[in-house]
Amino acid sequence: MDIVLSGIRPTGNLHLGNYYGAVRSFVKMQNEYNSFFFIADWHSLTTHPRPQDIQQSARTILAEYLACGLDPEKATIYVQSDVPETIELYLYLNMNTYIGELGRVTTFKEKARQQPDNVNAGLFTYPTLMAADILQHRAKFVPVGKDQEQNMEMARKCARRFNNIYQTELFPEPQNFYFGNEALKVPGLDGSGKMGKSEGNCIYLCDDEKVVRKKVMRAVTDNGPQEMNSPKPDVIQNLFTLLHIVSDEETYKYFDEKWNDCTLRYGDLKKQLAEDMVRTLNPIRERIEEYKSNTELLDKIARMGADKARESAAATLREVRKIIGFRVY
Ligand code: TRP
């Protein structure tokens, strides 16, 4: 079975955009691949030297992913800092990576501009730590967004170079994994095309009913349909796209017809949308709360994931040590 690995940046709570984008695809992936999912807490040190309550935020992320359906029996779900084998590979990869190529990585240049007083070596070698995350499991596929393509190119370079220097075929070159059409693009409630944390227009999976309703009722609209069968402006199309995602076919049609014959009242549409969102989110939020209140279970799941991940990484590291010529016990 091919190995897929995905790193999760520990930044904040999951929202509907995450859920209908990557997270549901992860849930599907775990049935089709040997999947590894991990929380990249070490990487956060490159920008936040003293992260706030790092254990607690790892637990929260874990709880949210489990609530969405990630299954520790099917996939290996772990926290990066629980797998020290990664660091050893990171060291070897750093020895074969040149400062020239690391310096050309645009995410590094951007971060260096954002934090000129803290252009640290960890930030500089972010791509080799990421390559170690991937190569320690000899993963074949990595689902990543556009912003990570250069890091993926570096990971491939690390694999290729190691194989060349030591005349081995140990590392497969990891490929970018693109989700099929089951990954949906979720629009924002503010008329923008994308729901995103930095856009500040999110409905979070942990939002309670009241909050969800309030956010939906506040969604941006316009003066209403002016002409029969006219195309929908973006702000309205967004609401319909959301309706399409969380409501059933008939409901969607009902409101679509109302739009077309100019009898649509946005208040009704929003009420329905809020209702269906609440219905979708309630069971997820309840599961999040259940997991979050059971830290013992979360810790057990994390430990189980760490054991599996360490076993996989240790097997690779044994090969790496043998290949380079270090002692293997
Ligand atoms: N750099 C990734 C991001 O910012 C997170 C990440 C760290 C990652 N290590 C990884 C992703 C390994 C995939 C594979 O989103």
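The values are calculated or read from the model by the stated rules, or taken from the named source; none is laboratory data. Predicted, not measured: the structure shown is a model, and the values here were computed from it. Heads up, the Cβs are rebuilt from the backbone with ideal geometry, glycines too, and the neighbour counts pull from every protein chain shown. Just the protein is used for accessible areas: all its heavy atoms, side chains included, with ligands, DNA and RNA removed. Shrake-Rupley method; radii C 1.70, N 1.55, O 1.52, S 1.80 Å.
A compact table of results
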| item | result |
| --- | --- |
| Unique match (being out of contact with any His (no Cβ under 8 Å at 6 or more places or on another chain), within 13 Å of the ligand (Cβ to nearest atom) and either outside any loop (DSSP other than H, G, I, E, B) or of a type in the set (S, T, N, Q) (or both)) among ASN164, ASN176, ASN181 | ASN176 |
| Pairs, first more than 24 Å from GLY21 (Cα to Cα) and small (Gly, Ala, Ser) in segment 143-166, second away from the ligand (no atom under 12 Å from the Cβ) and open to solvent by less than 50 Å² (accessible area, probe 1.4 Å), C-beta under 7 Å, six or more apart | ALA159/PHE171; ALA159/PRO172 |
| Wholly within segment 37-131, helices (runs of 4 or more DSSP H) carrying at least 1 residues that are touching a residue at least 24 places away in the same chain (Cβ under 8 Å), within 15 Å of the ligand (Cβ to nearest atom) and under 18 Å from the mean Cα position of the chain (by Cα) | 41-44, 54-68, 106-114 |
| Qualifying residue in segment 132-144 (condition: among the small types (Gly, Ala, Ser) and within 10 Å of the ligand (Cβ to nearest atom)) | yes |
| Single unsatisfied condition, PRO51 versus (1) crowded, with 18+ Cβ neighbours inside 10 Å; (2) in contact with a helix residue (DSSP H, G or I) (Cβ under 9 Å, 6 or more places away or on another chain) | (1) |
